[in-house]
Amino acid sequence: MGSLGSTPPFRVLDDTRPDDTTLPAFMVSTTRGFLPRMDPIVTLPKEFDAFEDILQRMPVKMASGEPGLLAQYKLGDVVDKELPNLAEAVDKYKDNLPIQNALYRDYSFLASAYLLEPCHHRFIKGEPYGLGRQVLPANIAHPIARCAEICGFKPFMEYAGSYALFNYRLVDPAAGMEYSNLRLIRAFENGLDPTSSEAGFVLVHIDMVKNSGPLVGGTVKALDAASDTSNPNPVERRASFNEGMSSILGALTKINGVMETMWAKSKPMEYTSFRTFIFGITSQSMFPDGVVYEGINDNKPMSFRGESGANDSIVPLMDNLLQLPMPNTPLTEILRDFREYRPSNHKGFLLHVKERSLELDLKNYALGRHSVNLSDEERDLRRESVSLWLQILNQVRDFRWRHWCFAREYILKRTSHPTATGGSPIVTWLPNQLEAVLEEMVSIDEVGKAADSRGLGKVCEDIMDAALRQRETLRKEVDKYCAERGVTRS
Ligand code: HEM
């Protein structure tokens with residue numbers, strides 16, 4: 001295929017080669033999207049039995065239903081007395097990347113539980129979080145630093161590599177990724193019970209991401225169609241572009257539908273109790289000077305953001321493909337920083353899509369800004385492209401609006417702690433991006449109306465009516481929370 005531009009190609013997998021242990025666990029594919037290439041490894045090699053034993057005793061409520069070490073405030077003591085430093089055993093498996101990913105997941109669970117155990121105990125007594133443990137001992141610090149380095153993660157719990165996307169197992173392997181067939185591998189509170197709010201919170205993320213294959217496939221198709229200079233037929237090219245965009249729209253609609261199930265699967269009242277363990281170090285009062293990883297970084301304190309869905313790749317993929325303009329604010333800097341906390345292959349793909357979209361001038365291609373002397377058929381297809389662009393933006397709006405509702409109902413109404421788990425300011429950060437989407441929708445709608453006397457049709461008119469009403473509501477709500485909490489918008 002002939003192709004415009006010089007951005008190096010990116011290899012998106014169709015076959016994820018689940019048995020290949022030499023490839024990283026996370027590689028973007030048209031089949032599994034942003035999920036790992038294979039179902040996560042559950043059982044660690046036998047050298048790690050002592051570690052596994054502590055992990056099983058760790059949760060507030062163990063798999064047996066009995067109270068575990070975190071319920072008794074005994075985890076720190078047990079780690080200090082019983083856990084060997086298994087850094088050499090980690091190295092023994094350095095060529096097996098899926099095993100390294102499982103080790104990274106498990107060490108990051110233990111690291112967060114160890115550091116935040118004192119905060120959990122204050123929280124359940126109704127007290128402020130206070131300080132976490134400020135030093136991560138060598139028996140956790142050395143192995144986590146090593147396996148994180150091998151896998152390309154930060155040595156602290158991440159969303160994809162650890163807490164969410166590498167943390168499920170199938171009850172019946174033959175039944176696949178059906179929600180009722182999913183269980184967590186690791187949990188802090190009572191997440192080993194699949195009906196718990198902690199399990200629901202994590203499993204809904206997985207249930208959404210399992211629909212990201214067609215999103216990736218549609219993105220690749222849209223970019224390929226727009227760059228296919230070997231096809232002299234503009235009608236065919238645009239029809240193919242629209243097919244890619246339709247696939248994206250279908251995937252996002254499904255993903256948003258699954259996201260809505262969060263309300264029932266994870267109760268707003270119960271979120272703050274397991275959330276204590278997924279806070280990060282950066283911008284958190286529990287770690288004002290960072291954390292010392294014993295024997296690492298010359299014992300100078302280090303700081304990492306906490307686990308957050310903000311490190312998921314679905315929405316950033318759309319931001320990059322659609323060239324969504326973000327305001328030049330400190331809040332947008334946080335958004336950029338979040339994008340460092342994801343698997344290297346996801347990062348590479350997101351960067352590729354961003355660069356390719358700009359190089360192809362994809363937005364102007366979709367909007368038909370450079371098209372002249374169009375036939376009726378081309379005009380219809382171009383109108384469809386603009387409508388699809390707006391409908392996809394509307395799905396991104398839907399995702400971010402629901403997020404604002406989550407933040408309001410699960411967090412703002414329950415706690416005055418000013419920062420979210422990823423370290424963003426809780427009142428202003430999500431609205432920063434949601435406002436940007438709403439503004440872009442207004443701008444695309446105007447282009448669509450100006451380019452075609454028929455406008456964009458009823459579907460888009462209804463979308464815009466609802467979006468403009470939502471913008472008013474959002475502004476009032478954010479003003480209210482800012483006033484109540486004495487914060488400014490950026
Ligand atoms: C009860 C449910 C949820 C709550 C309370 C919640 C809360 C939050 C908060 C507070 C943030 C701000 C970033 C930070 O952590 O510092 C955030 C960001 C984000 N979360 Fe969630 N989240 C929830 C569910 C989900 C789900 C199911 C996904 C699916 C992948 C997700 C994906 C994201 C994304 C993409 C962002 C960045 C938003 C943006 O770019 O504007 N979240 N979330």
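The values are calculated or read from the model by the stated rules, or taken from the named source; none is laboratory data. Keep in mind it's a predicted model, so treat the numbers as computed, not measured. Reconstructed Cβ throughout: ideal geometry from the backbone, glycine too, with neighbour counts over all protein chains shown. In case anyone asks, the SASA skips ligands and DNA or RNA and just uses the protein heavy atoms, side chains included. Shrake-Rupley method; radii C 1.70, N 1.55, O 1.52, S 1.80 Å.
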**Request:** Among CYS405, LEU393, ALA141, flag the residue with its Cα farthest along the positive direction of the charge dipole of the chain, charges on Cβ as +1 for Lys/Arg and -1 for Asp/Glu.
**Result:** CYS405
**Prompt:** Could you give the alpha-carbon Rg of region 270-401 over 2.2 N^0.38 Å, rounded to two decimals?
**Reply:** 1.46
**Message:** Could you work out [θ]222 nm for the chain from helices alone, using -39500 (n - 2.57) per DSSP H run of at least four and dividing by all its residues? Round to the nearest 500 deg cm²/dmol.
**Reply:** -16500 deg cm²/dmol
**Fill in**
Neighbours of SER196 by Cβ distance under 10 Å: Lys/Arg at +1, Asp/Glu at -1, summed charge -1
**Prompt:** Across the Cα atoms of region 248-327, what radius of gyration and what greatest pairwise Cα-Cα distance (Dmax) are found, in Å?
**Reply:** 17.9, 50
**Asked** Separation between the THR261 and GLU243 pseudo-spin-labels, each 7 Å from Cα along Cα→Cβ, expressed in nm?
**Response** 3.0 nm
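Using only Cα atoms, what is the ratio of the radius of gyration of region 74-116 to 2.2 N^0.38 Å? Before the final figure, lay out each step's value.
On the way: Rg = 11.8 Å, N = 43, 2.2 N^0.38 = 9.2 Å.
Ratio of Rg to 2.2 N^0.38 Å for region 74-116: 1.28.
Please pull out the direction-averaged projected area of region 419-464, using the convex hull of its alpha-carbon atoms, in nm² to one decimal place. Display every interim value, and only then the final one.
Numbers: hull surface 15.8 nm².
Averaging across all directions leaves 3.9 nm² for the Cα convex hull.
Per residue, how many Å² of accessible area does region 46-92 show with a 1.4 Å probe? Provide the component values of the computation, followed by the final result.
Numbers: 2530 Å² over 47 residues.
Normalised by residue count, the accessible surface of region 46-92 is 54 Å².
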**Request:** Return the distance in nm (one decimal) between the two label points of a simple spin-label model at SER303 and GLU461, each offset 7 Å from Cα along Cα→Cβ.
**Result:** 5.2 nm
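What part of the accessible area of region 292-387, given as a whole %, is carbon or sulfur when the probe is 1.4 angstrom?
Working: 1980 of 4160 Å².
Reported share for carbon and sulfur atoms: 48 percent.
What shape does region 104-168 take by its C-alpha gyration tensor, where a ≥ b ≥ c are the square roots of the eigenvalues and a/c under 1.5 counts as rounded, a/b above b/c as prolate, and the rest as oblate? All intermediate terms of the calculation are to be shown ahead of the outcome.
Values: a/c = 3.11, a/b = 1.67, b/c = 1.87.
It is oblate, given that a/c is not under 1.5 and a/b is not larger than b/c.
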**Prompt:** Any idea how far apart ASP95 and VAL135 come out in nm if each label point goes 7 Å out from Cα toward Cβ?
**Reply:** 3.8 nm
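Write down the Å³ per residue value for the convex hull defined by the alpha carbon atoms of region 26-73. Walk me through the numbers before you get to the answer.
Values: hull volume 5.6 nm³, N = 48.
Considering the Cα atoms of region 26-73, their hull volume per residue is 116 Å³.
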**Potential extension, ASP380-SER285 segment - 0.36 nm per residue separation minus Cα distance** = 28.6 nm
**Message:** Binning at 10 angstrom from zero up to the longest distance, how are the C-alpha pair distances of region 14-167 distributed in percent?
**Reply:** 11, 38, 33, 15, 3, 0
**Message:** With Kirkwood's inverse mean 1/r over C-alpha pairs for Rh, give me the Rg to Rh ratio of region 341-490, two decimals please.
**Reply:** 1.06
**Message:** Which one, ILE444, PHE48, THR21, is farthest towards the positive end of the dipole of the chain when Lys and Arg carry +1 and Asp and Glu -1 on their Cβ?
**Reply:** ILE444
**Prompt:** Once Rh is set to the Kirkwood radius over Cα pairs, what Stokes-Einstein translational diffusion coefficient, in µm²/s, holds for region 144-186 at a temperature of 25 °C and a viscosity of 0.890 mPa s?
**Reply:** 211 µm²/s
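Between GLU82 and LEU13, what is 0.36 nm times their sequence separation minus the Cα-Cα distance? Round to one decimal in nm. Walk me through the numbers before you get to the answer.
Details: separation 69, 0.36 × 69 = 24.84 nm, distance 4.25 nm.
Stretched fully, the GLU82-LEU13 segment lengthens by 20.6 nm.
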**Asked** Percent of accessible area on region 20-77 owned by carbon and sulfur, 1.4 Å probe?
**Response** 56 percent
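Using the scaling law 2.2 N^0.38 Å as the reference, what is the normalised Cα Rg of region 1-55? Let's see the in-between values first.
Numbers: Rg = 17.2 Å, N = 55, 2.2 N^0.38 = 10.1 Å.
Computed over Cα atoms of region 1-55, the ratio equals 1.70.
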**Cα pair distances of region 338-428 binned at 10 Å [whole percent]** = 13, 25, 29, 20, 10, 2
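Report the net charge of residues surrounding ARG379, where surrounding means a beta-carbon distance below 11 angstrom and charges are Lys +1, Arg +1, Asp -1, Glu -1. Walk me through the numbers on the way to the answer.
On the way: positive: ARG238, ARG382, ARG383, ARG454; negative: ASP376, GLU377, GLU378, ASP380, GLU384, ASP452.
After counting each charged neighbour, the total is -2.
Can you tell me the order of 166-172, 316-322, 448-454 when each peptide is scored by its average per-residue count of other Cβ atoms within 10 angstrom, highest first? Before the final figure, lay out the partial values.
On the way: 166-172: 18.7, 316-322: 22.3, 448-454: 14.7.
The packing order, highest mean first, is 316-322, 166-172, 448-454.
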**Prompt:** How much FRET efficiency would the formula 1/(1 + (r/R0)^6) give for ALA174 and GLN56, where r is the Cβ-Cβ distance and R0 is 22 Å, rounded to 0.05?
**Reply:** 0.25
**Request:** Kindly state, as a whole number, the per residue volume in cubic angstrom of the convex hull around the alpha carbon atoms of the chain.
**Result:** 151 Å³
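Charges at C-beta only: +1 for Lys and Arg, -1 for Asp and Glu. How large is the resulting dipole of the chain about its Cα centre, in Debye rounded to 20?
On the way: 57 positive and 65 negative charges, 170 e Å.
My answer is approximately 820 debye.
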**Prompt:** Going by a ≥ b ≥ c, the root eigenvalues of the Cα gyration tensor, does region 320-368 fall in the rounded group (a/c under 1.5), the prolate group (a/b larger than b/c) or the oblate group?
**Reply:** oblate
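From the convex hull of the Cα coordinates of region 170-294, what is the mean projected area in square nanometres?
Details: hull surface 51.4 nm².
Taking the Cα atoms of region 170-294, their convex hull projects to 12.8 nm² on average.
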**Request:** Skip the ligands, DNA and RNA, and give the accessible area per residue of region 381-490 with a 1.4 Å probe, whole Å².
**Result:** 42 Å²
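For a Förster distance of 45 Å, can you work out the FRET efficiency between the beta-carbons of MET269 and SER230, rounded to the nearest 0.05? Write out the running numbers ahead of the final one.
Details: r = 58 Å, r/R0 = 1.29.
Calculated value: 0.20.
Given R₀ = 60 Å, FRET efficiency for VAL42-LYS480 by Cβ-Cβ distance, to 0.05? Mind dumping the intermediate values first?
Values: r = 46 Å, r/R0 = 0.76.
The value I calculate is 0.85.
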